[in-house]
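A.B. asks: Structure below; questions to follow.
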Amino acid sequence: MNTRKKFFGMNAQERDAFFASEAVKDFLQRTRDMAMQKRTVTGADLTIPTVVLELIRENIESYSKLVSRVRLRSVSGRGRQNVMGAMPEAVWTEACASLNELDFGFSQTEVDGYKVGGVIYICIATLEDSDYDLASEIITALGASIGIAVDKAILYGTGVKMPQGIVTRLAQQSAPSDYPAVARPWEDLHTTNLITITGKTGIALFQELARATKVIKGKYSNGAKLWVMNESTYTDLIVEAMNINAAGAIVSAQGATMPVVGGDIVVLSDDIIADGNIVVGYGDLYLLAERAGATFARSDEYRFADDQAAFKGTARYDGKPIIAEGFAAIGIGAAPVTSAVFPGDTANDATLAALTVGSLALSPAFDADKLTYTATATGTSDTVTASPKQARARVTITHGSKTYPNGAAIKWNSGANKVEIAVEMGVSRRVYTVTVTKS
């Protein structure tokens, strides 16, 4: 591992004080202890000390281009953030006259805290080395993983078990059924703030980009506009802005800010935002809530051949655009993309890929999201086979008071026979039911 000249920007005195902290020493020692056990440590999750968490936050910002650009708030439990309503104009009056009352019309937006994280592997040699190397490995790995996931969620998060993304909100065509009564009045923006630009190049393209900003409202922002795109889109804009100056040199008017209308350009990976797509708006009108209690724990995975221990690192976030009209999504050449693919939560996937009861026809036909079925049997027994989507999922099959192995034959009684197939994976449990009628 490469040794840092400075430990995440600390000078020598700050670094020494960091590692002298009892909380940090205890955290690193317990990390080593968990790794050497080479098994899951039930109930022994390590809450990351505040001083370490602060460095992870800073490192998240090294990998996340958007965390430092939005309104980041720490909350405990479910939190509410006050949001300014219609902002009235102050009233001029005599120097000694009474002041007029201003009605700011505050509303509230509610945020929770959803877990983001995954498994990281740390070399046993690093665990056995200095605190300096171990802490660097943990902070870097967690910061990189979480930072990338948070950026994607800020733009395209589904709002289900993760933050709601800016573009996701703009694409809504009706208010969600659970939209809070205390929140800002919901507004349909999908026809005004999702913008397509086609057939434009050069200055005409930049004119259309400038016109697109007319729909975004920055009245409640105290910041500048952001233009979020990927490297390919940014390069295309540089090319479109090229010309030859008086000295005969090829130059481009496109730099780190958008020409004429202004606003910083934030370049993300094409894994996060697609080619030709731009999200523009005021970052401080997006609320990102960070819950206390990031944890670090031993996972049940161990790479013996590579001599690496596995750890799971998690943090908790929620977020949403609190004033959605402060943003727009632009598609160059095609309509803007309004969704993204997120890694599946396979660690908690308790669905079945297939379910068969001998050769009987299930009604309705099997669907992983349908839990109740019927079938008719003429024989005395049939084998019940359940194939979970995740190989490590646990399957339990019961008929009456008896439990059967997966793939075992079940003998039918006359009349209705209720068979329950329970699938468990992580914290999820799903029960499929087949009622077999013996004719």
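A.B. asks: Mind counting the residues in region 207-225 that are within 17 Å of residue 256 (Cβ to Cβ) and modelled with pLDDT of 95 or more?
C.D. replies: So in region 207-225, the residues within 17 Å of residue 256 (Cβ to Cβ) come out as 209, 223-225.
After this cut, where a residue has to be modelled with pLDDT of 95 or more as well, the list is 209.
Of the residues in region 207-225, 1 are within 17 Å of residue 256 (Cβ to Cβ) and modelled with pLDDT of 95 or more.
A.B. asks: Give me the helices (runs of 4 or more DSSP H) completely within region 5-73, filtered to those with at least 3 residues that are surrounded by 18 or more Cβ atoms within 10 Å (Cβ to Cβ) and at pLDDT 60 or above, ordered by residue number.
C.D. replies: On the way: elements: 12-20, 22-37, 50-63.
Of the helices (runs of 4 or more DSSP H) lying wholly inside region 5-73, those with at least 3 residues that are surrounded by 18 or more Cβ atoms within 10 Å (Cβ to Cβ) and at pLDDT 60 or above span 22-37, 50-63.
A.B. asks: Right, here's the next one. Among the residues of region 359-378, which ones are assigned to a strand (DSSP E or B) and closer than 18 Å to residue 424 by Cα?
C.D. replies: Residues of region 359-378 that are assigned to a strand (DSSP E or B), as a first pass: 363, 372-377.
372 - this is the single residue of region 359-378 that is assigned to a strand (DSSP E or B) and closer than 18 Å to residue 424 by Cα.
Every residue, every condition in (1) within 23 Å of residue 193 (Cβ to Cβ); (2) at pLDDT 90 or above; (3) out of contact with any Ser or Thr (no Cβ under 6 Å at 6 or more places or on another chain); (4) surrounded by 18 or more Cβ atoms within 10 Å (Cβ to Cβ), yes or no:
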| site | (1), (2), (3), (4) |
| --- | --- |
| 248 | no, no, yes, no |
| 260 | yes, no, yes, no |
| 266 | yes, yes, yes, yes |
| 272 | yes, yes, yes, yes |
| 277 | yes, yes, yes, yes |
| 309 | no, no, yes, yes |
| 313 | no, no, yes, yes |
| 330 | yes, yes, yes, yes |
| 335 | yes, yes, no, no |
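A.B. asks: Can you name the condition, by its number, that residue 344 falls short on among (1) surrounded by 14 or more Cβ atoms within 10 Å (Cβ to Cβ); (2) part of a loop (DSSP other than H, G, I, E, B)?
C.D. replies: Residue 344 satisfies all of (1) surrounded by 14 or more Cβ atoms within 10 Å (Cβ to Cβ); (2) part of a loop (DSSP other than H, G, I, E, B) except (1).
A.B. asks: Suppose we filter 375, 391, 408 for residues that are exposed (fewer than 12 other Cβ atoms within 10 Å of the Cβ) and either under 23 Å from residue 353 (Cα atoms) or not assigned by TED's automatic domain parsing to the domain that holds residue 432 (or both); which single one remains? Even if it seems obvious, please write down each step before you answer.
C.D. replies: Numbers: 375 fails: exposed (fewer than 12 other Cβ atoms within 10 Å of the Cβ); 408 fails: exposed (fewer than 12 other Cβ atoms within 10 Å of the Cβ).
Step by step, each of 375, 391, 408 is checked, and only 391 is exposed (fewer than 12 other Cβ atoms within 10 Å of the Cβ) and either under 23 Å from residue 353 (Cα atoms) or not assigned by TED's automatic domain parsing to the domain that holds residue 432 (or both).
A.B. asks: Sticking with this one: Among 395, 436, 423, 431, which is the only one that is among the β-branched types (Val, Ile, Thr), closer than 14 Å to residue 360 by Cα and at pLDDT 95 or above?
C.D. replies: Working: 395 fails: closer than 14 Å to residue 360 by Cα; 423 fails: closer than 14 Å to residue 360 by Cα; 431 fails: closer than 14 Å to residue 360 by Cα.
Selected residue: 436, the only one of 395, 436, 423, 431 that is among the β-branched types (Val, Ile, Thr), closer than 14 Å to residue 360 by Cα and at pLDDT 95 or above.
A.B. asks: What number of residues within region 218-234 are part of a loop (DSSP other than H, G, I, E, B) and free of Cβ contacts under 8 Å to residues at least 60 places away in the same chain? Spell out the reasoning first.
C.D. replies: Start the filter on region 218-234 by keeping residues that are part of a loop (DSSP other than H, G, I, E, B), which leaves 218-224.
Those left that are additionally free of Cβ contacts under 8 Å to residues at least 60 places away in the same chain: 224.
Here the count works out to 1.
A.B. asks: Looking only at strands (runs of 3 or more DSSP E) that fall completely inside region 379-421, which ones have 1 or more residues that are basic (Lys, Arg) and closer than 16 Å to residue 350 by Cβ?
C.D. replies: Here the list reads 394-399.
A.B. asks: Also, I was wondering about something else. Working only within region 153-191, note down all residues that are surrounded by 14 or more Cβ atoms within 10 Å (Cβ to Cβ), of a type in the set (S, T, N, Q) and free of Cβ contacts under 8 Å to residues at least 40 places away in the same chain.
C.D. replies: If the condition is that a residue be surrounded by 14 or more Cβ atoms within 10 Å (Cβ to Cβ), of a type in the set (S, T, N, Q) and free of Cβ contacts under 8 Å to residues at least 40 places away in the same chain, then 172 is the only one that fits.
A.B. asks: Look through 238, 197 and report the one residue that is in the same structural domain as residue 278 (by TED's automatic domain parsing) and surrounded by fewer than 17 Cβ atoms within 10 Å (Cβ to Cβ).
C.D. replies: Working: 197 fails: surrounded by fewer than 17 Cβ atoms within 10 Å (Cβ to Cβ).
Answer to the selection: 238.
A.B. asks: To continue, here is another question. Given the structure, is residue 202 out of contact with any strand residue (DSSP E or B) (no Cβ under 6 Å at 6 or more places or on another chain) and closer than 19 Å to residue 276 by Cβ? If you could, list the steps in order and put the result at the bottom.
C.D. replies: Details: out of contact with any strand residue (DSSP E or B) (no Cβ under 6 Å at 6 or more places or on another chain): yes; closer than 19 Å to residue 276 by Cβ: yes.
Answer is yes for this residue.
The values are calculated or read from the model by the stated rules, or taken from the named source; none is laboratory data. Keep in mind that what you see is a predicted model, and the values were worked out from it rather than measured. Positions of Cβ are generated from backbone atoms using ideal geometry, with glycine treated the same way; all protein chains shown enter the neighbour counts.
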